[in-house]
1. So with the 1.4 Å probe, I'd like the accessible area per residue for the chain, rounded to whole Å².
2. Ranked highest first by the average count of other Cβ atoms within 10 Å around their residues, in what order do 322-328, 51-57, 231-237, 540-546 fall?
3. When the accessible area of the chain is split by element with a 1.4 Å probe, what percent falls to carbon and sulfur?
4. Loop-only trypsin sites (Lys or Arg not before Pro) in segment 297-343, please: DSSP not H, G, I, E or B, and at most 14 other Cβ atoms within 10 Å.
5. Based on alpha-carbon centroids, what's the gap between segment 7-35 and segment 448-493 in Å, whole number please?
6. Would you work out the charge dipole size for segment 139-296 about its Cα centre, treating the Cβ of every Lys and Arg as +1 and the Cβ of every Asp and Glu as -1, and quote it to the nearest 20 debye?
7. Order 12, 302 by their accessible area, 1.4 angstrom probe, all chains in place, largest first.
8. Give me the percent relative contact order of segment 20-130, please, defined on Cα pairs under 8 angstrom at least 6 residues apart.
Amino acid sequence: MANIFTDEERQFLNDLDKKLWNSADRLRSNLDAAVYKHAVLGLIFLKYVSDSFDMLQEELKESFADPESDYFIDPDDYDDPEERDEAIEYELEDRDYYTARNVFWVPPLARWKTIQDNAALSSGATIQLVNGSTTTYTFRSVGRLVDDALEAVEAENPRLHGVLERNRYSQLQLDASKLIGLISEVISSIPFRHRSLNSRDILGHVYEYFLGQFALAEGKKGGQYYTPKSIVSLIVEMLEPYRGKVYDPAMGSGGFFVQSENFIERYGGRIGDISVYGQESNPTTWRLAAMNMAIRGIDFNFGRQPADTFLSDQHPDLRADFVMANPPFNMKEWWDGRLEGDPRWEYGTPPRSNANFAWLQHMLHHLAPNGSMALLLANGSMSSNTNGEGDIRRALVEADLVECMVALPGQLFTNTQIPACIWLLTRNKKARGKMRDRSGHTLFIDARKLGYMVDRVLRDFAPDDSNKIIQAFRNWRTGDGYNDEPGFCFSASLGKIKEADFVLTPGRFVGAAEEEDDGEPFADKITRLRGQLDTQFAESADLEKKIKANLEGLGL
């Protein structure tokens with residue numbers, strides 16, 4: 001995977017991340033992280049759309065003054081210079097310039113300067129707003145000001161209808177001084193202007209960092225919505241969603257869609273070649289995902305409303321080319337009597353106490369005839385035989401749907417220590433495009449030894465770790481340079497999987513890594529090591545006697 005940032009750019013982003021988080025966390029006080037997250041991200045959104053609006057407005061001003069520009073406003077056409085200035089100001093407020101460039105129209109009340117300059121006013125003060133003509137706004141509270149600003153942006157931009165939450169900031173249990181500090185000290189300091197990075201790159205990075213930090217702060221309650229960026233990127237690079245319909249039935253904040261966009265741009269494609277479909281039951285997270293798409297200009301369909309994926313499928317007729325998800329692991333409270341006999345359970349009714357195979361079969365149900373899918377599940381899904389899970393797994397293998405299994409190292413997720421794996425399935429293993437015929441075979445990858453410790457509790461993948469997995473999978477798919485590697489990857493036939501009683505744990509198939517031969521015969525090595533051990537035992541016993549003698553000398 002290519003590194004899309006230079007070292008200087010990455011350093012700038014990393015420094016910005018830490019500075020923003022430290023400031024934001026200091027202002028959080030006792031407010032729950034799950035609530036505070038949406039307050040922060042909503043303000044970041046408002047600052048971004050306002051800055052994008054301002055940058056285009058400045059560009060337009062330069063065009064109006066440039067005789068070589070098609071938009072040049074000739075001063076010779078005006079008797080009075082003030083008339084020309086008024087004409088320019090009028091043109092700057094023409095929304096068509098902004099919508100034509102896919103920039104949100106930001107009304108005066110929602111422009112960041114208005115919010116930043118007036119956040120500390122006293123209730124009842126009057127704000128003068130200029131938008132071709134002068135209007136007034138009566139200030140009631142800083143929370144109400146932000147709510148009204150968000151409502152104004154939503155009203156002026158149809159793509160945002162139903163996306164931005166109403167009345168959140170005026171009802172936020174955060175002291176006004178803290179909210180003012182968040183606006184003036186944290187969000188206002190985000191520099192969406194950089195000499196080489198565009199504003200969307202900065203926004204995406206800040207969003208990603210804050211989501212990860214909030215996932216850590218929220219623990220198990222919030223982490224279920226956050227998948228590490230490296231793992232999302234790994235799955236996207238393996239599926240290669242160049243064009244077609246992309247679906248995530250447990251989308252959280254939309255990370256898979258964002259990485260799909262990044263993948264397409266990296267390889268010279270067009271984001272317009274894919275259409276995005278998602279579903280999420282949490283209303284606040286559903287809006288956050290929609291906001292995430294809107295600021296990136298990605299067209300999306302997240303259904304009419306937030307809804308339970310199993311009980312209220314928002315895309316019943318969808319057959320997607322790529323399906324990817326990180327659903328909650330081992331979800332227990334999911335079953336409802338209405339799901340009995342559901343057509344999605346083509347390979348067996350999932351156990352009522354665990355939704356793992358419900359998620360998998362829901363995704364298969366929505367997969368197009370040539371589609372591919374990937375999902376993260378707990379490791380138990382590869383081997384459990386309780387409550388019919390083994391029978392479902394057997395049916396999936398016998399239908400030749402399982403393309404690749406990847407065992408991941410532990411400690412990758414902020415919300416759980418449960419070891420995870422990636423299931424990759426496809427409805428068609430026949431040769432097509434650059435892919436060879438893989439019928440009757442499944443690739444097993446054991447990646448448990450890959451990655452590095454970010455800190456004492458969290459592991460992550462470096463680019464080289466991800467590339468090792470991606471390259472093995474791509475080579476196996478194409479037949480170009482693939483070889484089994486002991487301890488890492490193995491291509492198994494259906495017969496081999498049957499011999500393993502349809503257990504899909506990669507460790508069963510890849511074997512042990514080969515060790516370099518040091519030239520010492522095995523019997524000699526054992527004799528030598530046994531001698532070293534006997535010597536160490538003797539030294540330990542001698543040391544123990546000396547310690548006891550010293551203690552007795554001290555009368556202890």
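The values are calculated or read from the model by the stated rules, or taken from the named source; none is laboratory data. Bear in mind that the values here come from a model prediction, so they are computed numbers and not experimental data. Heads up, the Cβs are rebuilt from the backbone with ideal geometry, glycines too, and the neighbour counts pull from every protein chain shown. Accessible surface is based on the protein model in full, side chains and every heavy atom, while ligands, DNA and RNA are left aside. Shrake-Rupley method; radii C 1.70, N 1.55, O 1.52, S 1.80 Å.
1. 48
2. 322-328, 231-237, 51-57, 540-546
3. In the chain, the share of accessible area belonging to carbon and sulfur is 47 percent.
4. For trypsin sites (Lys or Arg not before Pro) across segment 297-343 that sit outside H, G, I, E and B with at most 14 neighbouring Cβ atoms in 10 Å, the list reads 304, 332.
5. Centre-to-centre distance over Cα atoms comes out at 32 Å.
6. In debye, rounded to 20, segment 139-296 gives about 80.
7. Ranked from most to least accessible, the order is 12, 302.
8. RCO, segment 20-130: 25 percent.
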